[in-house]
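Below is one structure, written out as structure tokens, with a few remarks after it.
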Amino acid sequence: MKRILVTGGAGYIGSHVVKMLGERGYNVLTYDNLSTGNPWAVVRGKLFVGDLANKNKLRKVFRDFKPDAVIHFSGAIVVPESISFPLKYYRNNVVNTINLLEIMEEFRVNKFVFSSSASVYGIPEIVPTPECAPLNPISPYGRTKLIVEKVLADISLSNSDFKYVALRYFNVAGADPEGEIGFAYPEPTHLVVRSLKVAKGEVNSLVIYGTDYPTPDGTCIRDYVHVMDLAEVHVIALEYLLDGGNSNIFNVGYGKGYSVKEVISSVERVTGKRLNVVEAQKREGDPPILIADISKLVKTFNWSPKYDDLDFIIKTGWEWELKFRR
Ligand code: UDP
């Protein structure tokens with residue numbers, strides 16, 4: 001049974017991947033400092049509470065658990081926050097990742113799946129955006145992801161045994177359709193979860209950041225992928241590496257986009273509630289349109305998503321929201 005170390009396995013995407021790995025028969029261990037994750041979200045395998053800043057703890061985990069591969073989710077993920085607190089992002093996302101990679105090198109663990117982001121493209125010159133599009137991130141968050149991708153490329157040049165897959169996520173939403181886990185960060189800023197909080201009555205109104213973008217209804221367009229489809233791509237990427245696959249980079253999305261207003265309509269349709277919406281200025285660091293070109297992912301793995309339906313994505317998120325009590 002292969003042994004997989006998952007950093008950030010108590011967080012939103014990580015916990016869904018941990019659940020899937022457990023169900024597929026992997027021996028999985030989560031390493032998480034619980035800064036935004038929750039112990040109850042680790043529904044398969046064990047949780048080791050630790051910070052990536054603590055190399056001694058990490059060493060202990062590598063010595064005892066002897067992972068065959070690492071999937072690395074830990075990191076800070078909010079674009080506007082990265083603009084206000086860049087050092088937090090460079091430390092969390094870059095320095096801590098380097099700590100992890102150093103320990104991997106010490107223990108000769110050579111397979112790595114990395115949570116990258118469409119934010120590495122900045123304002124894409126090509127839409128839908130393929131992996132070969134120019135990389136010009138417009139936020140510290142995006143720059144941290146790009147820096148780690150460069151570090152990974154350099155390690156694989158220096159060590160031919162080191163193989164990685166970087167997954168550039170577009171937008172992620174929804175929850176485990178079985179209702180066991182879902183999004184549970186203390187102060188959600190992302191559009192779908194915030195809209196659901198408004199529908200639930202926990203937040204007064206939904207602010208639309210910018211209505212004069214060069215899009216048909218003036219609001220930003222994003223490619224929303226269901227968290228379980230994204231989880232599946234991690235398992236596919238892991239198995240590709242375990243089978244001897246070469247280092248690679250893939251976009252993950254559905255290849256189509258919805259505007260902020262279309263997401264709000266879907267939330268209203270699914271929840272049966274009308275949202276109190278306020279229009280406001282643009283947020284810094286938001287590209288107008290992010291849609292993935294997923295031909296490489298589809299061709300390489302013959303990938304077909306299971307939940308490619310915005311209303312279904314929102315329905316699973318809503319069911320989770322109704323159930324979730326802090
Ligand atoms: N957005 C919004 N109101 C919110 C949260 C987000 O209008 O309360 C917009 C945001 O400006 C962006 C889109 O929704 O255009 C997606 O933002 P989110 O923060 O969900 O994800 P990001 O694309 O930044 O990763």
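Relative intensity of the stretch 125-169 on a log10 scale, I(q)/I(0) at q = 0.14, 0.15 Å⁻¹, equals -0.41, -0.46, per a Debye sum over C-alpha point scatterers of equal strength in the absence of solvent.
Need one number: the % of Cα-Cα pairs in the stretch 243-292 sitting beyond the 16 Å mark. Above the 16 Å cut-off, the stretch 243-292 has 63 percent of its Cα pairs. Only Lys, Arg, Asp and Glu carry charge here, each on its Cβ (+1 for the first two, -1 for the last two); on that basis the stretch 247-306 has a dipole of about 240 debye about its Cα centre. Rounded to the nearest 10 degrees, the angle from helix 12-23 to the longest Cα principal axis of the chain is 50 degrees. Model label points for Asn54 and Lys323, set 7 angstrom from Cα along the Cα-to-Cβ axis, are 3.1 nm apart.
Annotation for the stretch 1-88: trypsin sites (Lys or Arg not before Pro) lying in DSSP loop with at most 16 further Cβ atoms inside 10 Å of their Cβ are Lys2, Arg24. Of Glu232, Glu239, Glu262, Glu321, the residue with the largest accessible area leads and the full order is Glu262, Glu239, Glu232, Glu321 (1.4 Å probe). Quick one: angle between helix 260-271 and the longest Cα principal axis of the chain, in degrees between 0 and 90, rounded to 10, please. Value to nearest ten degrees: 90. Taking amide hydrogens as placed 1.01 Å from N in the peptide plane, the amide H of Val172 sits under 5 Å from those of Val225, each at least 5 positions away in sequence or on another chain. For the stretch 196-272, a simple Cβ point-charge model (Lys and Arg +1, Asp and Glu -1, everything else neutral) yields a dipole of about 300 debye relative to the Cα centre.
Would any residue of the stretch 201-236 have its amide N under 12 Å from a label point 7 Å out along Cα→Cβ of Phe312? List them or say none. From the stretch 201-236, the list is 226-229.
When the alpha carbon gyration tensor of the stretch 158-217 is reduced to an equivalent ellipsoid, its three semi-axes come out at 32, 21, 11 angstrom, largest first. Taking a ≥ b ≥ c as the square roots of the eigenvalues of the Cα gyration tensor of the stretch 1-84, is the shape rounded (a/c under 1.5), prolate (a/b larger than b/c) or oblate? Here the stretch 1-84 falls in the oblate category. How large, in percent, is the carbon and sulfur part of the accessible surface of the stretch 230-326 at a probe radius of 1.4 Å? Carbon-and-sulfur percentage of accessible area, whole number: 47.
Placing +1 on each Lys and Arg Cβ and -1 on each Asp and Glu Cβ, with no other charges, gives the chain a dipole about its Cα centre of roughly 820 debye. Ranking Trp318, Trp40 by solvent-accessible area of protein heavy atoms (1.4 Å probe, all protein chains present), from largest to smallest, gives Trp40, Trp318. Summarised as an ellipsoid, the stretch 132-286 has semi-axes of 34, 20, 13 Å, derived from the eigenvalues of the Cα gyration tensor scaled by 5 and square-rooted, with the largest first. For the listed residue pairs Lys256/Lys306; Lys2/Lys145; Lys145/Lys282, the alpha carbons are over 20 angstrom apart in Lys2/Lys145; Lys145/Lys282. Measuring max minus min along each principal axis, the C-alpha atoms of the chain give extents of 53, 41, 40 Å (largest first).
Cross-link reach is defined here as a Cα-Cα straight distance under 19 Å, omitting same-chain residues fewer than 8 places apart; for Lys57 the lysines meeting it are Lys46, Lys66. Report D for the stretch 214-326 in µm² per second (integer): Stokes-Einstein, Kirkwood Rh on Cα pairs, 10 °C, 1.306 mPa s. My calculation gives 98 µm²/s for D.
How large is the translational diffusion coefficient of the stretch 186-241 in µm² per second when you combine the Kirkwood radius over alpha carbon pairs with Stokes-Einstein at 4 °C and 1.567 mPa s? Translational diffusion coefficient: 92 µm²/s.
With respect to the chain, whose longest principal axis is taken over its alpha-carbon atoms, helix 310-323 is tilted by about 80°.
Positive-end ranking of Val198, Pro134, Leu242 along the dipole of the chain, with charges on Cβ about the Cα centre, is headed by Leu242. When Ile155, Ile147 are compared by accessible area of protein heavy atoms, the largest-first order is Ile147, Ile155, using a 1.4 Å probe.
The values are calculated or read from the model by the stated rules, or taken from the named source; none is laboratory data. Because the structure is predicted, anything quoted here is derived from the model rather than measured. So basically every Cβ, Gly included, is an ideal-geometry build from the backbone, and we count neighbours across all protein chains shown. Calculation scope for accessible area: heavy atoms of the full protein, side chains included, ligands and nucleic acids excluded. Shrake-Rupley method; radii C 1.70, N 1.55, O 1.52, S 1.80 Å.
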